[in-house]
Amino acid sequence: MQQIIIAGAGGFGREVAFLIEEINRRERQWEILGFVDDSEALQGAAVNGYPVLGTIESLARREEPAAVALAVGKPALRRQLAERLAGLRQLSFPNLISPDAHISLATCKLGHGCILCAGAVVTVNVQIGNFFLCNLGATVGHDCLIGDYVTCYPGVHISGGSAIGAGAELGTGCSVIPGRIVGADTIIGAGAAVIRDLPSGCTAVGVPARPIKIREEGGYPAL
């Protein structure tokens with residue numbers, strides 16, 4: 001078994017530990033060493049039976065190889081973690097796919113550090129970047145393009161031929177009709193329906209989804 005450390009001991013970190021346990025029930029692959037988290041209150045504590053091994057920076061002092069799961073939901077925070085840990089050759093970032101998720105690995109291209117939770121479905125000929133998070137029951141249709149650090153919260157549905165820019169955050173239960181473009185670093189509110197293309201760096205809500213805010217920060221390239 002390969003050793004794995006979960007970066008982030010919050011709610012989603014606990015869910016990722018559960019996901020890894022479910023993978024191990026099907027076929028033992030991982031030894032969970034514990035969590036790392038920057039919260040001072042968690043140092044030396046145990047979370048759902050696993051120790052908090054130290055802060056994120058403690059990974060830089062690690063000499064033995066280990067896999068790391070970046071278990072934070074927000075795309076910007078996940079990106080920050082990835083950049084902090086970049087270049088540490090002792091660390092790897094595997095894809096974690098729930099036994100109850102479905103993806104056509106024969107036709108889809110998947111980056112590294114991706115997490116597909118229970119009930120997630122990625123169909124065929126989908127191109128996915130690094131550190132993609134597909135939460136419970138979210139679906140991605142054929143021929144979609146998914147950028148780095150994209151987060152799909154539970155129940156998101158992305159229809160075929162759509163393109164989701166890097167760092168986009170799709171709220172619980174939102175949907176994207178076929179062939180739409182969601183710009184980089186865009187946030188889509190829970191329950192929204194994307195029927196028109198959305199620009200980069202905006203927050204869009206409603207049915208149909210309309211931009212209500214344009215943010216100047218971000219740093220992701222336009223799609």
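The values are calculated or read from the model by the stated rules, or taken from the named source; none is laboratory data. On a predicted model such as this, the values are computed, not experimentally measured, just so you know. Every residue, glycine as well, gets a Cβ built from its backbone with ideal geometry; the counts of neighbours run over all protein chains shown. To get the accessible areas, we keep the full protein, side chains included, count just its heavy atoms, and leave off ligands, DNA and RNA. Shrake-Rupley method; radii C 1.70, N 1.55, O 1.52, S 1.80 Å.
Key figures
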item: Residues of the range 85-108 classified as open to solvent by 60 Å² or more (accessible area, probe 1.4 Å) and closer than 15 Å to Asn130 by Cβ, total; result: 2
item: Matching residues in the range 156-205 - criterion: being under 15 Å from Cys144 (Cα atoms), open to solvent by 30 Å² or more (accessible area, probe 1.4 Å) and of a type in the set (S, T, N, Q); result: Ser159, Ser175
item: Check on Leu70, within 23 Å of Ile128 (Cα to Cα), modelled with pLDDT of 95 or more and surrounded by fewer than 18 Cβ atoms within 10 Å (Cβ to Cβ); result: no
item: Answer residue from the range 133-155, given it is touching a Cys at 6+ places or on another chain (Cβ under 9 Å) and outside any loop (DSSP other than H, G, I, E, B) and is most open to solvent (accessible area, probe 1.4 Å) among those; result: Thr139
item: Selected residue (only one of Val182, Val156, Val176, Val126 is among the β-branched types (Val, Ile, Thr) and closer than 20 Å to Leu105 by Cβ); result: Val126
item: Those residues of the range 66-93 which are closer than 19 Å to Ala184 by Cβ and part of a helix (DSSP H, G or I), in sequence order; result: Pro75, Ala76, Leu77, Arg78, Arg79, Gln80, Leu81, Ala82, Glu83
